[in-house]
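Here the structure comes first, spelled out in structure tokens, and everything after it is commentary.
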Amino acid sequence: MGLFSFTQELAMDLGTANSVIVNNAGKILLDEPSIVALDRKTDKMIALGEKARQMHGKTHENIRTVRPLRDGVIADFNAAEQMIRGMIKMANKNRGGLFSPSLRVVVCIPSGSTEVEIRAVRDSAEHAGGRDVYMIFEPMAAALGIGLDVEAPEGNMIVDIGGGTTEIAVISLGGIVSNKSIKIAGDDFTEDIQDYMGRQHNIKVGDRTAEQIKINVGSVLTELDNPPEDFIVHGPNRMTSLPMDVPVSYQEIAHCIEKSVSKVDSAVLSALEQTPPELYADIVRNGIYLTGGGALLRGLDKRLTEKIGIPFRVVDDPLHMVAKGTSIALRNIDKFTFLMR
């Protein structure tokens, strides 16, 4: 049957902020923001991904932009289904063929997911045309993507800071030994920045601008070795609504997201508390891996290393690590026992 392989295999990382689709060869077919624009009257999808993100905050009353995933789980079922279907279509755009093959999908889910949330993801994927739907926990996928031997009797700790959740997990023998999933992540940093700009500089900023600030000058330390340049924010004054230009430095951002970041610190500590001492020794020896978009905050590895005393490493290409790992799981569906039907 090699000639007519009618099953198409895809690995999906459905994130709160970005969704990535990878094929079984490990090639990234699609990497888009998880956001859809819907027509209010008919609830039909108008745009998806980057196009919809550009509409976000700029719509009139007939269009609404929705982020179907909140805190890593599906909040808007209908929108999520349309988004998954649209993304699979976009990923397939480049391969021809008259009929759509049956899909085998591996989707990754947060390690703190309840039964109901897992079922929601599975249903959405099945409605969008997936015939075999498998699930894998995100920290597990991240560990595979980093290239760790997850089946070995050795402890590794993964801290995955995404858009909606921060996943902290200790992995050994192909399973998750202790995990901690907190709903403080990239989105909360963005909100902190919005609040701070309003309070401190009296300037209104939207989601997208706050995100821009975070990407350009986001930091968790007030002293950096190679500091980024100040980012200039344009927006209305909150009192007078006259235009303002405010330069923002990375020190300010470090102060304003301090509270949220310290919650991540304490979550890592509490996950370490639950870890059996043998695995703890392995973790101290191997270090802790930081992955996900939040790992790109400047100085995060340094700050955590100083605070906790275990070396932290940011993996390369942290944004796509989980998706890469999911595609490795896709290739070894028969071999890995920790995939869930």
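The values are calculated or read from the model by the stated rules, or taken from the named source; none is laboratory data. Bear in mind the structure is a predicted one, so any value in this text is a computation, not a measurement. No Cβ is skipped: glycine too gets one built from the backbone with ideal geometry, and neighbour counts run over all protein chains shown.
Restrict the check to the stretch 153-162 and report whether at least one residue is acidic (Asp, Glu), at pLDDT 90 or above, within 30 Å of Pro243 (Cα to Cα) and not in a strand (DSSP E or B). No - not one qualifying residue is present in the stretch 153-162. Only one of the numbered conditions (1) among the hydrophobic types (A, V, I, L, M, F, W, C); (2) touching a strand residue (DSSP E or B) at 6+ places or on another chain (Cβ under 7 Å); (3) under 19 Å from Gly163 (Cα atoms) is violated by Ile74, and that is (2).
Here is a check on your reading of the model: is Tyr280 among the aromatic types (Phe, Trp, Tyr) and under 17 Å from Ile215 (Cβ atoms)?
Working: among the aromatic types (Phe, Trp, Tyr): yes; under 17 Å from Ile215 (Cβ atoms): no.
In short, no.
Residue pairs whose Cβ atoms lie under 7 Å apart, sitting 6 or more positions apart in sequence or on different chains, and linking a residue in the stretch 257-276 that is closer than 24 Å to Glu211 by Cα to a partner that is among the hydroxyl-bearing types (Ser, Thr, Tyr), are Val264/Thr166; Ala267/Thr166.
Looking only at the stretch 287-303, which residues are outside any helix (DSSP H, G or I) and either surrounded by fewer than 16 Cβ atoms within 10 Å (Cβ to Cβ) or acidic (Asp, Glu) (or both)? Spell out how you get there, then give the answer.
Of all residues in the stretch 287-303, those outside any helix (DSSP H, G or I) come to 287-292, 297-299.
Hit for the stretch 287-303 is Gly287, nothing else.
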